[in-house]
Amino acid sequence: MTTTDPSTAARAPRGKRRIGDVLFAGGAQGSGILILAILAGVAAFLLLQSLDSLTANTANFLTTSEWDANTRDEPAFGVAALAFGTVLAAAIALVLATPVAIGIALFIVFYAPRRIAAVLGYLVDLLAAIPSVVYGLWGIGWLVVHLTPFYGWLETYFGWIPLFAGPVSTTGRTMLSAGIVLAVMILPIITAMTRDVFLQVPQSHREAALALGATRWEMIRMAVLPFGRPGIIGGAMLGLGRALGETMAVAMILSPSLVISWFLLQSGNQTIAAHIALQYPEATGYGVSALIAAGLVLFAITLIVNMAARFVVSRRKEFA
């Protein structure tokens, strides 16, 4: 009968685990480096492809609102109005969607019966699977028609607020309409992340608050919301990133106009992504390069938003 050396038997599994650990660590590190390389490659491509139009541009690219790039003779174009419209539409969507998402997440986790919570969570997640072109069709075919009377009411009673000043667009294709559609589109993203964060609140925190005599709302306010605030911010920033880059729905709803306007009930404004989609088929001369330059600005805006979100979340890591 043969005997096995105990030291050899002990070393073999350890060696196998060591090889697996090395492979896993190498794969994880390679994936991280690949992401950075892709990000750098996209930035380099946008920068290099936009140099031709930027060097030939006769206007200030960052402060000019006009767009006359489809020519080889003294093109003049800028992204001031486009960048403004992009940020404004995304901000409207974020302001509208975040409170609703938090309310839905709180209802699913703390108030709804288990069966209703499961069905409601599924329905909210299903919103993320709807293509953006369907949202655009819904917005242009139904939403703007029914919002036009409401816009008239806003102007009548709240027209003293500059945002709601008239005259109201008769078509309903306004920045507020685009913001509402974007809010519906980013709602499942924010709701899903917020719901997952609320589910991770330690049971001891909730029970301690209730044991001290707190009501359910007081327990949520004192124990749940402070713990979940970083996750809420992270989900909101993910939704904001989706809203910044949305193309088809916004292109179908907004009336193209390169103006900087704070009036939400009037037609006007345009976003960078929608402008690229509408202008690219007919781009000539420096047009394609100029559109890539606009894409570079959108890339920078998205990067800045994500970096700001990481900074805010890291400052509140004590609640994580």
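The values are calculated or read from the model by the stated rules, or taken from the named source; none is laboratory data. Everything numeric here is computed off the predicted structure, so don't read it as measured data. Positions of Cβ are backbone-derived with ideal geometry, glycine not excepted, and every protein chain shown enters the neighbour counts. Areas reflect the complete protein model, heavy atoms only, side chains present, ligands, DNA and RNA absent. Shrake-Rupley method; radii C 1.70, N 1.55, O 1.52, S 1.80 Å.
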| query | In cubic angstrom, how much convex hull volume per residue do the alpha carbon atoms of region 185-320 span? | reply | 136
| task | Could you work out how far the C-alpha centroid of region 181-225 sits from that of region 38-87, in angstrom? | result | 43
| In nm, to one decimal, how far is the residue 23 label point from the residue 130 one, both placed 7 Å along Cα→Cβ? | 4.5
| message | Taking the 0 to 90 degree range and rounding to the nearest ten, how far is the long axis of helix 114-127 tilted relative to the main principal axis of the chain, both from C-alpha atoms? | response | 50
| field | Alpha-carbon centroid distance for the pair region 88-157 / region 232-304, whole angstrom | value | 21
| query | With a sphere of radius 14 Å drawn around the Cβ of residue 94, what net charge do the other residues whose Cβ falls strictly inside it have (Lys, Arg +1; Asp, Glu -1)? | reply | 0
| said: For residue 22, what accessible surface area do you get with a 1.4 Å probe? Give it in Å², rounded to 10. | reply: 100
| Shape parameters for region 21-86, alpha-carbon atoms, Rg then Dmax in Å | 18.9, 60
| task | Arrange the residues 307, 175 by how much accessible surface each exposes, largest first, with a 1.4 angstrom probe. | result | 307, 175
| query | How many Å² of accessible area per residue for region 14-54, probe 1.4 Å? | reply | 77
| task | Would you rank 207, 282, 246, 155 by solvent-accessible area, highest first, keeping every protein chain in place and using a 1.4 Å probe? | result | 282, 207, 155, 246
| Heavy atoms of residue 31: accessible area, 1.4 Å probe, square angstrom to 10 | 60
| Within the accessible area of region 81-179 (1.4 Å probe), percent carbon and sulfur | 76
| Given that just one value was derived from the coordinates, which of (i) 32, 55, 11, 2, 0; (ii) 25, 47, 22, 5, 1; (iii) 28, 44, 20, 8, 0 is P(r) over Cα pairs in 20 Å bins from 0, in percent? | (ii)
| query | Using the C-alpha gyration tensor of region 160-232, what are the square roots of 5 times its eigenvalues, in whole angstrom, with the largest one first? | reply | 39, 16, 8
| field | Sequence of 24, 263, 45 from largest to smallest accessible area, 1.4 Å probe | value | 24, 45, 263
| remark: Helix 287-315 sits off the longest principal axis of the Cα atoms of the chain, rounded to the nearest 10 on a 0 to 90 degree scale, by 40
| request: Could you tell me what fraction of 2.2 N^0.38 Å the Cα radius of gyration of region 25-143 comes to, as a two-decimal ratio? | output: 1.65
| request: Treat region 48-110 as a sphere of radius equal to its Kirkwood radius over Cα pairs and apply Stokes-Einstein at 25 °C in a medium of 0.890 mPa s; give the translational diffusion coefficient in µm²/s, rounded to a whole number. | output: 170
| query | How high is the relative contact order of region 63-121, in percent, with contacts defined as C-alpha pairs under 8 Å that are six or more residues apart? | reply | 20
| query | If one takes the longest principal axis of the Cα atoms in the chain, at what angle in degrees, from 0 to 90 and to the nearest 10, does the Cα axis of helix 6-56 lie? | reply | 10
